Amino acid sequence: MRKNVGKKKLLLTVLSALALSLAATIGAFADESDTSRLVSGTKINGIGVGGLTSDEAKSRIEGFYAGEYSLRIKEKNGKEESIKGSDIGYQVTVSGNIQ
């Protein structure tokens, strides 16, 4: 009778572990099944676009280059200059679909 109790506990433990593993796997892939959004952690030219739709990603990229972009220039003497994209009218237009 004691052997049966030990086997039942072992079986219950194994089944519980399998159930938890299955639940974790399903949860991990649930986000990836939404094909209308980019995968979490995705970056384009260093700009975070993970979890965004294609149109949202385009807006974020274009917005970054329209307002936040700056070009740092290092001269031979070690001096640095910075030019803001907005100061020189720099802009990026994303054409096509982001997939």
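The values are calculated or read from the model by the stated rules, or taken from the named source; none is laboratory data. These figures come from a predicted structure and were not determined experimentally. So basically every Cβ, Gly included, is an ideal-geometry build from the backbone, and we count neighbours across all protein chains shown.
What the table below lists for this structure:
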{"item": "Some residue of region 69-81 being under 15 Å from residue 94 (Cβ atoms), of a type in the set (Val, Ile, Thr) and assigned to a strand (DSSP E or B)", "result": "no"}
{"item": "Among the candidates 89, 96, 46, 50, residue that is on the phi > 0 side of the Ramachandran plot, at pLDDT 90 or above and of a type in the set (Gly, Ala, Ser)", "result": "46"}
{"item": "Matching entry among 35, 53 (being surrounded by 14 or more Cβ atoms within 10 Å (Cβ to Cβ) and of a type in the set (Ser, Thr, Tyr))", "result": "53"}
{"item": "Qualifying residue in region 34-42 (condition: at pLDDT below 85 and not in a strand (DSSP E or B))", "result": "yes"}
{"item": "Residue that is nearest to residue 34 (Cα to Cα), among those in region 53-69 that are modelled with pLDDT under 90 and of a type in the set (Ser, Thr, Tyr)", "result": "65"}
